[in-house]
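Below is one structure; the comments refer to it alone.
Readers should treat all values here as calculations from the given coordinates under stated rules, not as data from a laboratory. For clarity, every value in this text was computed on a predicted model and none was experimentally measured. When we count neighbours, we look across all protein chains shown, and the Cβ atoms used for this are built from the backbone with ideal geometry, even at glycine.
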Amino acid sequence: MDSVVVLMVVALVCASPCRGYVFYVGGRGGWVEHPRESYGSWAGRNRFQVNDTLVFRYQQGNDSVLVVTEAAFGSCNATDPGQNFTDGSTSFRLDRSGPFFFISGAAGHCDIGQKLVVVVLAIRNHTNSSPPPAFPPVSPTPPPLAPSPLSPSGSTPPPVSPLAPSPLPPGGSTPPPVSPLAPSPLPPGGSTPPPVPPLAPPLPPGGGTPPPSSAASPKFSVGFAIAVMVWGGAILG
């Protein structure tokens, strides 16, 4: 019973990784001296995984398949291969990840391009964990700002009116217009106001009496003329 359980577990584990693909080297042309497509180009078009199988088809007795090292692959050295196949239809299972190097055992075939390198991909763990995101998550766009709340009654607030003019006086009458500045009122009687006398000359320093003006006043001239006339009449009389 225990052996049956072990076999079932092994079968479940190997259900995906243990089932490989079969690749025919060189396609329809097979393993030949002059392939239609270079073996390097053929290998580049395929992806190889562990437990895949390579099938080499060639003419038995005239060719072979040698598994060699990287150094022997580069120099086409067929003297000491790791494995040598001559059956004409060789199946080779890729049992590990990494590179595998193959060359032809026929003389001169490797030098003209009958050689193959296959790189097997590493085994991936089949887990349900998703890979981390390539970029950090972008924060959601914030919602737009809500409008101001309405009044408690739910009505729309009244619009703001422009500045109103000053209120009218009691009674509703229109206020009188503002008149321009009026001139100073006339004195009683309606007569013309006297002219403004000229400014008096400034006093000399020290507060003394200001010097007389160069022009004689009218009162002095009239008195002087009367005195001369009286003095003249006395002399003639």
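Quick notes on this structure:
- Spacing of the two label points (7 Å from each Cα toward its C-beta) at residue 62 and residue 119, in nm: 3.4
- In this rough spin-label picture, where each label sits 7 Å from Cα along the Cβ direction, the residue 106-residue 53 distance is 2.5 nm.
- With q set to 0.12, 0.16, 0.20, 0.21 Å⁻¹, the log10 of I(q)/I(0) for the stretch 20-120, from the Debye formula over equal scatterers at the Cα positions, is -0.33, -0.60, -0.99, -1.11.
- Using 0.36 nm per residue and subtracting the Cα-Cα separation, the extra length available between residue 45 and residue 84 on full extension is 11.4 nm.
- Between residue 36 and residue 75, the C-beta separation translates, for a Förster distance of 25 Å, into a calculated FRET efficiency of about 0.45.
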